[in-house]
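Data first, discussion second: the structure below is written as structure tokens.
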Amino acid sequence: MNKKKAWITLIAFAALLGVLLYTAAFGLGKGKSGAAKNIKLGLDLEGGVSITYQTVKDNPSAEDMSDTVYKLQQRVDGYSTEASVYQEGGNRINIEIPGVSNADEILEELGKPGSLEFQLDDGTVILNGSHVVSAEAASQRDKMNNTEYVVQLEFDKEGTKAFSDATSAHVGDQISIVYDGEIVSAPRVNEPITDGKCVISGSFTIDTAQELASYIRIGSLSLELEEIRSNVVGAQLGQKALSTSLKGGIIGLILVVLIMIIVYKVPGIIAGFALLLYAAMDLVALNAFDMTLTLPGIAGVILSIGMAVDANVIIYARIREEIQSGKTVRSAIDIGFKKALTAILDGNITTLIACLVLNFMATGSVKGFAQTLALGVVLSMFTALVFSRLLVNACYALGLKDAKYFGKAIQFNLLHIVERRKLFFTIALICALSGPVFCAINAGRGAGALNLSMEFRGGTSTDVTFKDSYTIEEIDEKIKPVIQDVIGSAEIQSQKVSGGNEIIFKTRQLSVEERQQLTEALDESFKIDTYKDNKGEDALSINFETISSTISNEMRRDAVIAVIIAVICMLAYIWFRFSDIRFASAAVIALVHDVLLVFASYAIVRISVGNTFIAAMLTIVGYSINATIVIFDRVRENLKNRRSYNTLAELVDTSITSTMTRSIYTSLTTFVTIACLYVVGVPSIKEFALPLMVGILAGAFSSVCLTGPLWYILRKSKDSREAAAAKAEAESAQAKKITSSKKKNKGKKSAK
């Protein structure tokens, strides 16, 4: 690159960065598209619509209620991956959808959940809505090659057989789709449908096709429901949670850039601009792809920032390493980017594999986490490999050619990690077992093995209408402390209902006595509004309801299955890329170690286990596997020159030592980012940041002290078997040679 191209590159980069920063700050066009303030926020950060349904049936079974909650969760995922559905009392279901403020619009789109049946002309019921797996509006080409809108249906196994029998026996007849006793569609059977998939065509517009699909989807619920109330509610965690998270993120980003500049000089400055570009691109993309950002989603953004730093550290550490070995700066830049490419790609691809699996299989906040992380990973990889390279080459072309501009590499003496493996394994085992031990201790003293939050164990919803109006800040600073004094727990979610003085508080399960104490405390401190009861007497406007966990058993099952499959796919990729299952085996043991240490932090410190628990675990899995791959990539590279090392242990120790700067600086920068969130954050943010900090330290320890020695043990076992086999083969060959020689000598003697 000559000077002219270098200046053009810098000017173009500055212009792009300026446009993206302006777009992120203010937006473009009439609707200010792209502005960060337009990013959808989840119910925990911004609020949304809360709808309560009641079953028409008086005493529904627990199984039917659970099934209906699960199916409704799948339905509302279409509005937002962060929507939540949970049971309230014995026959009510609450739906909370973030990022919207028009309850009537949602109710109209969602439809009134009711009964659905597929009937013949004579009223015979073929099957009901519970056999419908999916119903979606779609488009296709008709015989005249024109676009027509249709509704695509898919049935479960039982429904497939029933529909196959009916359509085979009634070709030419109509099958009516009956919703709440009214026929909403009566398509004619053109041919037998035996595969469980059918298409309803007719004079549909896209709106009418979507309406029919909605009727069918909602009608597939196990129970018939009726809407009893809907409210626009405020953020569960309060606006302060969002503002402090943003403040902590900005402070963390500034500190990370300063660390990079101090350590890497000119490349550190370039990394700072690349990170700034990444942040602007991520904000604009979150808006463009209409993603909903919640606390777990913020975790995905934070992790992707860590990976963006990681990619730059790998590149610049490699460049300095090449300069240290005697290469020219020009050659070191080219070789550094080339050799860093495989580690960056492998680390990010494994994380993307996990994101894809979670996005397709998980629900709720886990899916939101996967989406924000995947977006961040792609953008961070792009900025590191494309823009960082262009900027480094441009700076070199403009005269920054001296090695002093790239900082001085830290020289480590050979770290004898493999030799000390027993010590490291012992430490890891003790730390990993501390979680189950503390769980047993907690359970033994009656406190519960883990401090399960309302998301996992349910609780009490307290609906209060005060005489005065209170802001979200006043709720956090004045009302919540009063509730905490009564119930002895800081786990309190609050939602302010729009257009009045009504506030909904969600807490742990409250006894009858605690409910009475809370009523008295709130009325004494803030004055609860009154209404006339059935007897015409004044009664306090406060209502208590038992609510189920927002994370149902089915959602937990889906999340666990998704995580297991994601980890298996990640490790399969490692096996494929490194052509050795020992790398994958060592990686999975290290992952288990890291997850167990994060789990131990929840058990020891008694951090509330809720939605953020899943997000924290997923964050550490993604972070740790990336750190491990960097070391394995260097081991793989050094294996090509294995004869240069006296022993296999020396090869492993050299690989760990040469990547030590990357391990230190990446862990440091990511830790600083999370620590800033912990320092400035509200309690809910602190509960999320603390286990992440534990996980980062655990990941740094396992990648440096465990993965290499684990791979060494597995590989040494293979080498020993191969050596024994080679020795046996050599001895066998020698024995055959001796036998052959004896026969020849015997033949010579006989000839004489």
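The values are calculated or read from the model by the stated rules, or taken from the named source; none is laboratory data. Just so you know, these numbers come straight off a predicted model, no measurement behind them. In this analysis, Cβ positions are derived from the backbone assuming ideal geometry, glycine residues included, and neighbour counts consider all displayed protein chains. What goes into the accessible areas is simple: the full protein's heavy atoms, side chains included, and nothing from ligands, DNA or RNA. Shrake-Rupley method; radii C 1.70, N 1.55, O 1.52, S 1.80 Å.
Sparse packing (at most 16 other Cβ atoms within 10 Å of the Cβ) combined with a DSSP loop state is found for the following trypsin sites (Lys or Arg not before Pro) in the range 432-491: ARG445, LYS467.
Across every pair of non-identical alpha carbons in the range 126-206, the mean reciprocal distance, once inverted, gives a Kirkwood radius of 13.4 Å. Charges on Cβ only, +1 for Lys and Arg, -1 for Asp and Glu, centred on the Cα centroid of the chain; of ILE604, PHE688, ASN638, which one is farthest towards the dipole's positive end? It is ASN638, whose Cα lies furthest towards the positive end.
Each part gets one Cα centre, and for the range 3-18 versus the range 511-533 those centres are 65 Å apart. In a DSSP loop and with at most 15 other Cβ atoms within 10 Å, the trypsin sites (Lys or Arg not before Pro) in the range 621-692 are LYS640. Charge dipole (Cα centre; +1 on Lys/Arg Cβ, -1 on Asp/Glu Cβ; no other charges) of the chain amounts to roughly 7820 debye.
For the chain, the longest principal axis of the C-alpha atoms and the axis of helix 512-526 are separated by about 80°. Each eigenvalue of the Cα gyration tensor of the range 549-708, multiplied by 5 and square-rooted, gives one semi-axis; in descending order these are 32, 20, 11 Å. Within the accessible area of the chain, the carbon and sulfur atoms contribute 57%, probe 1.4 Å, all protein chains present. Which pairs break 19 Å Cα to Cα here: LYS3/LYS338; LYS506/LYS535; LYS71/LYS367; LYS327/LYS408; LYS496/LYS532? Those over the limit are LYS3/LYS338; LYS506/LYS535; LYS496/LYS532. Annotation: amide H of GLY458 within the under-5 Å range of SER549, THR550, sequence separation 5 or more or interchain, hydrogens built in the peptide plane.
How would you classify the range 437-590 from its alpha-carbon gyration tensor, with a ≥ b ≥ c the square roots of the eigenvalues: rounded for a/c under 1.5, else prolate if a/b is greater than b/c, otherwise oblate? Prolate, since a/c reaches 1.5 and a/b exceeds b/c. Evaluating 6.51 cos²θ - 1.76 cosθ + 1.60 at θ = phi - 60° for every residue in the range 260-265, the Karplus couplings come out as 5, 5, 4, 7, 10, 6 Hz, glycine and proline recorded as x. Between the helical axis of 648-658 and the longest alpha-carbon principal axis of the chain there is an angle of about 60 degrees.
Here the range 468-560 is assigned +1 on the Cβ of each Lys and Arg and -1 on the Cβ of each Asp and Glu. Its dipole about the Cα centre then comes out at about 380 debye.
What does the C-alpha gyration tensor say about the overall shape of the range 427-489? Classify as rounded when a/c is under 1.5, otherwise prolate if a/b is larger than b/c, or oblate. Since a/c reaches 1.5 and a/b is larger than b/c, the shape of the range 427-489 is classed as prolate.
Among the listed pairs LYS247/LYS527; LYS247/LYS467; LYS640/LYS716, those with a Cα-Cα distance over 24 Å are LYS247/LYS527; LYS247/LYS467.
For the range 627-690, the list of chymotrypsin sites (Phe, Trp or Tyr not before Pro) that fall in a loop by DSSP and count at most 16 other C-beta atoms within 10 angstrom reads TYR645. Between the range 134-174 and the range 48-64, what is the separation of their alpha carbon centroids in Å? Answer, in whole Å: 30. Taken over the chain, the percentage of Cα pairs per 10 Å bin, counting from 0 up to the bin with the maximum distance, is 3, 12, 19, 20, 17, 14, 9, 4, 2, 1, 0, 0, 0, 0. The distance from the alpha carbon centre of the range 183-211 to that of the range 470-484 is 53 Å, rounded to a whole number. Solvent exposure of the chain amounts to 46 Å² per residue of accessible area, where only protein heavy atoms count and the probe is 1.4 Å. Computed over the chain, the per-residue total of -39500 (n - 2.57) for DSSP H runs of n ≥ 4 gives a 222 nm mean residue ellipticity of -20500 deg cm²/dmol, rounded to 500.
Measure nothing fancy, just the Cα-based angle from helix 388-397's long axis to the longest principal axis of the chain, in degrees from 0 to 90, nearest 10. Orientation of helix 388-397: about 50 degrees from the principal axis. For the chain, the relative contact order comes to 16 percent (Cα pairs under 8 Å, sequence separation of at least 6).
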